[in-house]
1. Determine how large the accessible area of ARG92 is when every protein chain is in place; take a 1.4 Å probe and give Å² rounded to the nearest 10.
2. Relative to the compact globular guide of 2.2 N^0.38 Å, what is the alpha carbon radius of gyration of segment 44-139, as a ratio?
3. Express the Stokes-Einstein translational diffusion coefficient of the chain in µm² s⁻¹, to the nearest whole number, given a Kirkwood radius over alpha-carbon pairs, 10 °C and a viscosity of 1.306 mPa s.
4. With only alpha-carbon atoms in the gyration tensor, what are the semi-axes of the equivalent ellipsoid for segment 108-211, in Å, largest first?
5. Determine which residues of segment 112-127 fall in the zone a paramagnetic label at GLU147 would reach in this model, i.e. backbone nitrogen under 19 Å from the point 7 Å along Cα→Cβ.
6. Remind me, relative contact order of the chain in percent, using alpha carbon pairs under 8 angstrom and six or more residues apart?
7. What distance in nm separates the two pseudo spin-label positions at GLN175 and ARG23, each 7 Å out from Cα along the beta-carbon direction?
8. At q = 0.11, 0.24, 0.25, 0.28 Å⁻¹, what base-10 log of I(q)/I(0) does the Debye formula yield for segment 21-90 when every alpha carbon is treated as an equal point scatterer in vacuo?
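The values are calculated or read from the model by the stated rules, or taken from the named source; none is laboratory data. If you're wondering where the values come from, they're calculated on a predicted model, not measured in any experiment. For neighbour counting, all protein chains shown are included, and Cβ atoms are generated from backbone atoms with ideal geometry for every residue, glycine included. Remember, those area values only see protein heavy atoms, side chains included, never the ligands or the DNA or RNA. Shrake-Rupley method; radii C 1.70, N 1.55, O 1.52, S 1.80 Å.
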Amino acid sequence: MDHNQNYLLELLQHNNNEIESLRPFAEDNHVPIVDKLTLELIKQLIRMHKTTYILEIGTAIGYSAMHFASVSPDIEVTTIERDETMQQRAKRNISAFNYDQQIRQIHGDALEVMDQVADRTYDMIFIDAAKAQSQKFFERYTPYLREGGLVITDNVLYHDFVANIDAVKSRNKRQMAKKINAYNKWLMEQSQYATTFLNMDDGVAISIKGASV
Ligand code: SAM
């Protein structure tokens, strides 16, 4: 971690809310959750973009969903998770922190449960599930994104591997990096979206629907 990142993380400490108590649990139990600076960026986009309805693909233990909901009591998050243990943990956390009214959990594979989220139009979609499937999630769920809405994709630099695929020793990681690279290039080709990438944490893509490109 570089000095600037450390400095910013320390600076943001005062912003900590009770949901942060889940971060040590996630780290100890190897549950991947969104990095802190990326999270703060998304929360700022939520504030800037008058976001009410958020769709998240990949709930894990409910950490990011509750953080998003914490921005304003008007926010409603729909979040999809396929792993049963995670679903139960998220349910307990969401109840314990009193976010039941703002967070709707959908249990199932995000490649299959589109019908269950199709009752509304979303202002933001956060793609944070199986990294090799990001394009499929994008294609399946952006029909429910409003014009001007945002798609945020996490981990688009995948541990620095994507920018340096030939140096990756593990075959699995190389395959994953290639898939993410293909997704990033595909994102850039989507003429109805303006996409930019941030070299922050594990890499974030921000795509705006309908922005002239
Ligand atoms: N967004 C969470 C946070 O920051 O607190 C972290 C999500 S974690 C990186 C990814 C989660 O996506 C895992 O819990 C995994 O089980 C789930 N997942 C992966 N592929 C999925 C799929 N096809 N459908 C639903 N959930 C999926």
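1. My reading of the accessible area for ARG92 is about 140 Å².
2. Against the compact-globule rule of thumb, the ratio is 1.00.
3. Value of D from the Cα-based Kirkwood radius: 90 µm²/s.
4. 25, 16, 10
5. 120-125
6. In percent, rounded to a whole number, it is 16.
7. Result for the modelled spin labels: 3.4 nm.
8. Cα-only, vacuum Debye calculation for segment 21-90: -0.26, -1.13, -1.19, -1.35.
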